[in-house]
């Protein structure tokens, strides 16, 4: 029973980590360029609803995912205009974007759907032969295709940031935008690109919840995952692999509290539910010094000709 309990936690925790990881990687690009986006939660909600609505209407999960990418890009463009072009305070702008996504997704859901409705979505599949391997097969080879794609983005994101000219520009803009500007790097253009890219990934993360995980939409279906993704960027020290470990830590804790209920373990339900969120707070508190190693220009608007 103990082995089944552990295997159940790990096999459930990996797919639970996928949307957090995707949103966290997107926020990493934002922050490496010097932009702090607290609107990730709202973008995920809009991506979750729009993706769900397209699948419900058209019946195509692929079109639903593309629709979520599009709505993420639109909301990212809005965030970029407000914070980069008009240089509004990033934290307040992000909260405004969150409230917009939260209110708009709930309103549109009640207008166009009205109640809990299920869709086909993307189903879990088992790899031939590999999926039948005891323990390993259940953990690693019985997931939906998006899980593998999202985890593949970890090395891809690392390569883009560290081995490409565009990644060098992103890091330069987030570290010293004035120096980057003197070298001919278009600071505002890079920040626009990163915000839109990060928002598209957040929109896709939201669509994952409705299209690949729950197959339904409900108010506040993200349950704070957007804010958790932002926090995990700090925990991961703005590195893709670090963010991946952070998302797995949170998701395994989340899977554990669900398993406690499923196996009927005598443990207070209320405490089990808060364990994942409490864990994030504790980890962030213990990793305070590492947060000082983040992008120097994070949260600071770029004013050409200014040294501060």
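The values are calculated or read from the model by the stated rules, or taken from the named source; none is laboratory data. Model, not experiment: these values are computed from the prediction. When we count neighbours, we look across all protein chains shown, and the Cβ atoms used for this are built from the backbone with ideal geometry, even at glycine.
Looking at 167, 174 in this structure, which one is in a helix (DSSP H, G or I), without any contact (Cβ under 8 Å) to a residue 12 or more places away in the chain and touching a helix residue (DSSP H, G or I) at 6+ places or on another chain (Cβ under 6 Å)? Talk me through it step by step, then tell me what you get.
On the way: 174 fails: without any contact (Cβ under 8 Å) to a residue 12 or more places away in the chain.
After applying the criteria, what remains is 167.
Identify, from the list 205, 180, the residue that is in a helix (DSSP H, G or I) and in contact (Cβ under 8 Å) with a residue 24 or more places away in the chain. Give the derivation first.
Numbers: 180 fails: in contact (Cβ under 8 Å) with a residue 24 or more places away in the chain.
Of the residues listed, the single one that is in a helix (DSSP H, G or I) and in contact (Cβ under 8 Å) with a residue 24 or more places away in the chain is 205.
Regarding the range 218-225, can at least one residue be identified that is in a helix (DSSP H, G or I) and crowded, with 18+ Cβ neighbours inside 10 Å?
First, pick out the residues of the range 218-225 that are in a helix (DSSP H, G or I): 225.
Retained after the next criterion (residues that are crowded, with 18+ Cβ neighbours inside 10 Å): 225.
Within the range 218-225, one or more residues are in a helix (DSSP H, G or I) and crowded, with 18+ Cβ neighbours inside 10 Å.
Could we say that residue 156 is assigned to a loop (DSSP other than H, G, I, E, B), within 22 Å of the chain's Cα centre (by Cα) and at pLDDT 90 or above here?
no
Given the range 50-153, what helices (runs of 4 or more DSSP H) lie entirely inside it while holding 3 or more residues that are surrounded by fewer than 16 Cβ atoms within 10 Å (Cβ to Cβ)?
On the way: elements: 61-80, 90-112, 136-140.
Correct list: 61-80, 90-112.
Exactly one condition in (1) touching a helix residue (DSSP H, G or I) at 6+ places or on another chain (Cβ under 6 Å); (2) in a helix (DSSP H, G or I); (3) more than 23 Å from residue 123 (Cβ to Cβ) is false for residue 36; which is it?
Checking residue 36 against (1) touching a helix residue (DSSP H, G or I) at 6+ places or on another chain (Cβ under 6 Å); (2) in a helix (DSSP H, G or I); (3) more than 23 Å from residue 123 (Cβ to Cβ), the one that fails is (2).
Could you run through the range 171-217 and say how many residues are buried (at least 24 other Cβ atoms within 10 Å of the Cβ) and either farther than 29 Å from residue 304 by Cβ or touching a strand residue (DSSP E or B) at 6+ places or on another chain (Cβ under 6 Å) (or both)?
Adding up the residues that qualify gives 11.
Residues of the range 195-237 being touching a helix residue (DSSP H, G or I) at 6+ places or on another chain (Cβ under 8 Å) and at positive phi, which ones?
Of everything in the range 195-237, those that are touching a helix residue (DSSP H, G or I) at 6+ places or on another chain (Cβ under 8 Å) and at positive phi turn out to be 220, 224, 237.
For the range 232-241, indicate whether the set of residues that are part of a helix (DSSP H, G or I), at pLDDT 95 or above and within 18 Å of the chain's Cα centre (by Cα) is non-empty.
Step one: of the range 232-241, the residues part of a helix (DSSP H, G or I) are 232-235, 240-241.
Add one more test, that the residue is at pLDDT 95 or above, and what stays is 240-241.
Filter again for within 18 Å of the chain's Cα centre (by Cα), leaving 240-241.
For the range 232-241, residues part of a helix (DSSP H, G or I), at pLDDT 95 or above and within 18 Å of the chain's Cα centre (by Cα): present.
Please indicate, with yes or no, whether at least one residue in the range 160-170 is under 20 Å from residue 40 (Cβ atoms) and crowded, with 18+ Cβ neighbours inside 10 Å.
Start the filter on the range 160-170 by keeping residues that are under 20 Å from residue 40 (Cβ atoms), which leaves 160-161, 170.
Then keep just the ones that are crowded, with 18+ Cβ neighbours inside 10 Å; that gives 161, 170.
Yes, the range 160-170 contains at least one residue that is under 20 Å from residue 40 (Cβ atoms) and crowded, with 18+ Cβ neighbours inside 10 Å.
Among the residues that make up the range 116-131, is at least one of them on the phi > 0 side of the Ramachandran plot and either modelled with pLDDT of 95 or more or out of contact with any strand residue (DSSP E or B) (no Cβ under 7 Å at 6 or more places or on another chain) (or both)?
To start, the set of residues in the range 116-131 that are on the phi > 0 side of the Ramachandran plot comprises 121, 129.
Going one step further and asking which of them are either modelled with pLDDT of 95 or more or out of contact with any strand residue (DSSP E or B) (no Cβ under 7 Å at 6 or more places or on another chain) (or both), we end up with 121, 129.
Yes, the range 116-131 has at least one match.
Being closer than 16 Å to residue 155 by Cα and crowded, with 23+ Cβ neighbours inside 10 Å is the filter here; which residues of the range 241-260 pass it?
Within the range 241-260, 243, 244, 246, 247 qualify.
For the range 68-77, which positions are over 16 Å from residue 146 (Cα atoms) and in contact with a helix residue (DSSP H, G or I) (Cβ under 7 Å, 6 or more places away or on another chain)? Lay out the reasoning, then the answer.
Going residue by residue through the range 68-77, those that are over 16 Å from residue 146 (Cα atoms) are 70-77.
Passing the criteria: 71, 72, 73, 75, 76, 77.
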